[in-house]
Amino acid sequence: MSAKPNSIASRDVAYCLHPYTNARAHEEKGPLVISHGKGIEVFDDQGNAYIEAMAGLWSTSLGFGEERLVEAANKQMKELPYYHSFTHKTPIPPVELSEKLLALAPVPMSKVFFANSGSEANDTVVKLVWYYNNAVGRPEKKKIISRVKGYHGVTVASASMTGLPANHTDFDLPIANILHTSCPHYWRFGKEGESEEDFSTRMASDLEEMILAEGPDTIAAFIGEPVMGAGGVIIPPATYWEKIQVVLKKYDVLLIADEVICGFGRTGNAFGSETYDMKPDIISVAKALSSSYLPISAVMISDELYQGIADNSAKIGVLGHGYTYSGHPVCAAVALETLKIYEERDLFAQAADVGEHLQAGLAQFKDHPLVGEVRGVGLIAAVELVQNKDTKASFDPAGKVGTYLNERAIEQGLIIRNMGDAIAFCPPLIITHDEIDQVIARFGVALDQTLEWVKSEEMM
C-alpha cells in the first residue's frame, strides 16, 4: 500500500490483526479509515461520506451521533464508572435494564444474565443449558442442534453452533454435542414442484430424523435466528417455525431464539420471535440492545430454567459463571436509554413502514441479469447474485463477484456487505424513505457496473 508511513492506515497494517479479514490482502490493500459518523452516514479520513446500509455490523440501530446515548454514558461514568454483579452485589443500571427487558420480551421470561457480545451470550446459553440439565437429573441430555448457515458467534461454543465453514476450518470446530440440521433456504434448496409449506414440512422431518437418530433423551436444545443473518439473510419459509416447534415440543427440546440481529425492531416487531410466532425458552440479545454504542448482551431465561439453575447453585454453593463486565453500569445505562428511545420514537413501527419501502425498492432488481433472488423482511434484506438465473447456478469461485460489487458500492458512497455472493442490507432503524431511495439508486449503479465487468470477464 502507498499510504504515508505515519498515517493511520500504515500504522493499522503495522500493528493490528483484523477480525474477518484476509491478513495478507490487508497488508497490500490497507483499511478504509472511518473517522466519524452522523445519522446514517459515516465519513472516512479523507472526508468522503458513505451511507452505512449495514448499520455497522447489523447493529447501530440509532445511527451515529445520538446525543442522548452520549449523555447517558457520561452521566453514569461520573456516578459509577464500573462495578460488578458478583457475590450479591449490583450497580443500579443492570437492575433497571433487566426489568425493562423482561417487560419487552415476546414471551414470559424470569431472569436476565448479562454478557458483552452476542458470542458471549450464546456461549453462556450453552453452559446454562448443560448446567440446567445436570440440575434436573438429565446428564445425558446435552446435545444442541443448530442449522447449516446459522450464525451464533465466534467463541469455541458459539462458533461450534455457527454453521459456516470459515468459522470451523482450522479452528478444530465444532466441539462435541453440537449438531447442524438442514438450512431452510427454500429458493436454494427447495425441490422442483415443492411448495414452501411442503419444504417446511421436509425441514421439520429432517430435524425429527436427527433427533431420533441421536436419541431424544440426548437432545437438549435447538438454537435458531428468526431470520438467518450472516448466513445470507435467509427468511424462514411459510409454516417453518410452526412445524419446527411442534417437533421440539414432542421431544422436550428447548427452543433458543438467537435475537442478536433480529431483536429490537429489525423485522418490524420488537423481536423476530413475534414476527414468526416463536415461543422460546431462552432468548439471546446484543447489537441493537445499545445501538452498539457500548458492548453489552443479555440472555433471558424462562422460570422453569431459572428454578433448576437456582437450585443447582444452592446445591453447589455458587453459579460458577460470569464476566468481569457482566452488567457493566455504563453499558447498561446506555442500553436502557436506547430502549427508551425506541419506545418514545416508535421506531419498531417505523422500521416496519420504512422496511416495506426497502423491500419494494430492492424488488425492482428481480429481473436484473445478475440477480437470482431478492429476499427480506422489515429492515433486513439480501440480493443474491447468480451466474445463471434459470438454473440458479452460483459463480465460481463464490464471493468474487460479490466482492467486486461491494467495492463498486463503496465507490458510490454506499456500505453494504457481501456474504459470498449474497449482498446484505441492514440499515439503521432511523433511515427515511428518501434515504432508502439513495441506497437503492447507489446499489443499482454498482450492480450495473458489476454486470459489465462480469460480461467483460466472460463469467456468464
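The values are calculated or read from the model by the stated rules, or taken from the named source; none is laboratory data. Being a predicted model, the structure only gives us computed values, none of them experimental. No Cβ is skipped: glycine too gets one built from the backbone with ideal geometry, and neighbour counts run over all protein chains shown.
Mind counting the residues in the range 107-122 that are in contact with a Gly (Cβ under 9 Å, 6 or more places away or on another chain) and not hydrophobic (A, V, I, L, M, F, W, C)?
5
Looking at Ser195, Ser200, can you tell me which residue is surrounded by fewer than 19 Cβ atoms within 10 Å (Cβ to Cβ) and among the hydroxyl-bearing types (Ser, Thr, Tyr)? Give the steps one after another, and end with the answer.
Working: Ser200 fails: surrounded by fewer than 19 Cβ atoms within 10 Å (Cβ to Cβ).
Just one listed residue meets the conditions, Ser195.
List the number of the failed condition for Ser160; all other conditions in (1) touching a residue at least 40 places away in the same chain (Cβ under 8 Å); (2) within 28 Å of Cys331 (Cα to Cα); (3) of a type in the set (S, T, N, Q) hold.
Condition not satisfied by Ser160: (1).
For the structure I just gave you, tell me whether Ser326 is within 30 Å of Ala53 (Cβ to Cβ), in a loop (DSSP other than H, G, I, E, B) and of a type in the set (Ser, Thr, Tyr).
Details: within 30 Å of Ala53 (Cβ to Cβ): no; in a loop (DSSP other than H, G, I, E, B): yes; of a type in the set (Ser, Thr, Tyr): yes.
No; evaluated as a whole, the condition is false for this residue.
Any chance you could count how many residues in the range 1-56 are acidic (Asp, Glu) and within 23 Å of Ile380 (Cα to Cα)? Write out each step before concluding.
Within the range 1-56, the subset acidic (Asp, Glu) is 12, 27-28, 41, 44-45, 52.
Now drop any that are not within 23 Å of Ile380 (Cα to Cα), which leaves 41, 52.
Summing the residues that are acidic (Asp, Glu) and within 23 Å of Ile380 (Cα to Cα) in the range 1-56 gives 2.
Scan the range 311-350 for residues that are among the hydroxyl-bearing types (Ser, Thr, Tyr) and farther than 16 Å from Ile296 by Cα and jot them down.
Passing the criteria: Ser313, Tyr342.
Do we have any residue at all in the range 187-204 that's among the aromatic types (Phe, Trp, Tyr) and over 24 Å from Gly376 (Cβ atoms)? Break it down stepwise before answering.
Taking the range 187-204 first, the residues among the aromatic types (Phe, Trp, Tyr) are 187, 189, 199.
Restricting the remaining residues to those that are over 24 Å from Gly376 (Cβ atoms) gives none.
No, the conditions are met nowhere in the range 187-204.
Only one residue in Ile92, Ile8 is under 30 Å from Gln307 (Cβ atoms) and surrounded by fewer than 16 Cβ atoms within 10 Å (Cβ to Cβ), so which one is that?
Selected residue: Ile92, the only one of Ile92, Ile8 that is under 30 Å from Gln307 (Cβ atoms) and surrounded by fewer than 16 Cβ atoms within 10 Å (Cβ to Cβ).
For the range 272-294, does any single residue satisfy the condition of being in contact with a Lys or Arg (Cβ under 6 Å, 6 or more places away or on another chain) and farther than 30 Å from Val136 by Cα? Show your work before the answer.
To start, the set of residues in the range 272-294 that are in contact with a Lys or Arg (Cβ under 6 Å, 6 or more places away or on another chain) comprises none.
There is no residue in the range 272-294 that is in contact with a Lys or Arg (Cβ under 6 Å, 6 or more places away or on another chain) and farther than 30 Å from Val136 by Cα.
I'd like to verify a number: residues in the range 430-460 that are closer than 20 Å to Ala49 by Cβ and of a type in the set (Ser, Thr, Tyr), how many? Walk me through how you get there before you give the answer.
As a first pass, look at the range 430-460 and keep what is closer than 20 Å to Ala49 by Cβ: 430-446, 449.
After this cut, where a residue has to be of a type in the set (Ser, Thr, Tyr) as well, the list is 432.
Here the count works out to 1.
Could you say which residue among Leu97, Leu128 is crowded, with 18+ Cβ neighbours inside 10 Å and either touching a helix residue (DSSP H, G or I) at 6+ places or on another chain (Cβ under 6 Å) or outside the structural domain of Leu294 (by TED's automatic domain parsing) (or both)? Explain how you work it out, then say what you get.
Details: Leu128 fails: either touching a helix residue (DSSP H, G or I) at 6+ places or on another chain (Cβ under 6 Å) or outside the structural domain of Leu294 (by TED's automatic domain parsing) (or both).
Just one listed residue meets the conditions, Leu97.
This table checks each residue for (1) at positive phi; (2) of a type in the set (Lys, Arg).
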site	(1), (2)
Thr87	yes, no
Glu99	no, no
Ala121	no, no
Val126	no, no
Asn133	no, no
Arg147	no, yes
Ala176	no, no
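Yes/no matrix, rows are residues, columns are (1) within 23 Å of Phe425 (Cβ to Cβ); (2) part of a helix (DSSP H, G or I); (3) at pLDDT below 95; (4) in the same structural domain as Glu208 (by TED's automatic domain parsing):
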| residue | (1), (2), (3), (4) |
| --- | --- |
| Ala230 | yes, no, no, yes |
| Pro236 | yes, no, no, yes |
| Ile244 | no, yes, no, yes |
| Leu255 | no, no, no, yes |
| Cys262 | yes, no, no, yes |
| Asp277 | no, no, no, yes |
| Pro295 | no, no, no, yes |
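Do we have Asp277 as touching a helix residue (DSSP H, G or I) at 6+ places or on another chain (Cβ under 7 Å) and on the phi > 0 side of the Ramachandran plot here?
Working: touching a helix residue (DSSP H, G or I) at 6+ places or on another chain (Cβ under 7 Å): yes; on the phi > 0 side of the Ramachandran plot: yes.
Yes; evaluated as a whole, the condition is true for this residue.
Got a number for residues in the range 15-56 being surrounded by 17 or more Cβ atoms within 10 Å (Cβ to Cβ) and closer than 17 Å to Tyr293 by Cβ?
Within the range 15-56, the subset surrounded by 17 or more Cβ atoms within 10 Å (Cβ to Cβ) is 30-31, 37, 39-42, 50-56.
Those still in the list that are closer than 17 Å to Tyr293 by Cβ too: 37, 39-42, 52, 54-56.
Qualifying residue count, the range 15-56: 9.
Would you check if there is a residue in the range 209-220 being closer than 21 Å to Gly372 by Cβ and touching a Ser or Thr at 6+ places or on another chain (Cβ under 7 Å)?
We begin by selecting, within the range 209-220, every residue closer than 21 Å to Gly372 by Cβ; these are none.
There is no residue in the range 209-220 that is closer than 21 Å to Gly372 by Cβ and touching a Ser or Thr at 6+ places or on another chain (Cβ under 7 Å).
How about the range 134-227: which helices (runs of 4 or more DSSP H) wholly inside it have at least 2 residues that are over 22 Å from the mean Cα position of the chain (by Cα)?
Values: elements: 156-161, 186-189, 196-214.
Correct list: 196-214.
Considering Ala288, Ala332, which residue is small (Gly, Ala, Ser), within 17 Å of the chain's Cα centre (by Cα) and under 30 Å from Val70 (Cα atoms)?
Just one listed residue meets the conditions, Ala288.
Where residues in the range 1-42 are free of Cβ contacts under 8 Å to residues at least 24 places away in the same chain and under 30 Å from His433 (Cβ atoms), which of them is farthest from the chain's Cα centre (by Cα)?
Only one residue fits best here, namely Ser35.
In this structure, is Gly308 surrounded by fewer than 15 Cβ atoms within 10 Å (Cβ to Cβ), within 17 Å of Lys127 (Cβ to Cβ) and either over 20 Å from the mean Cα position of the chain (by Cα) or in the same structural domain as Glu79 (by TED's automatic domain parsing) (or both)? Let's see the steps before the verdict.
Numbers: surrounded by fewer than 15 Cβ atoms within 10 Å (Cβ to Cβ): no; within 17 Å of Lys127 (Cβ to Cβ): yes; either over 20 Å from the mean Cα position of the chain (by Cα) or in the same structural domain as Glu79 (by TED's automatic domain parsing) (or both): yes.
Here the answer is no, as Gly308 does not meet what is asked.
Looking only at the range 12-28, how many residues end up being of a type outside the set (Gly, Ala, Ser) and more than 21 Å from Met419 (Cα to Cα)?
The number of residues fulfilling the criteria is 6.
For the range 163-174, does any single residue satisfy the condition of being of a type in the set (Val, Ile, Thr) and either in contact (Cβ under 8 Å) with a residue 12 or more places away in the chain or in contact with a strand residue (DSSP E or B) (Cβ under 7 Å, 6 or more places away or on another chain) (or both)? Steps first, answer last, please.
Residues of the range 163-174 that are of a type in the set (Val, Ile, Thr), as a first pass: 169.
Subset that is either in contact (Cβ under 8 Å) with a residue 12 or more places away in the chain or in contact with a strand residue (DSSP E or B) (Cβ under 7 Å, 6 or more places away or on another chain) (or both): none.
No, there is no match, as no residue in the range 163-174 is of a type in the set (Val, Ile, Thr) and either in contact (Cβ under 8 Å) with a residue 12 or more places away in the chain or in contact with a strand residue (DSSP E or B) (Cβ under 7 Å, 6 or more places away or on another chain) (or both).
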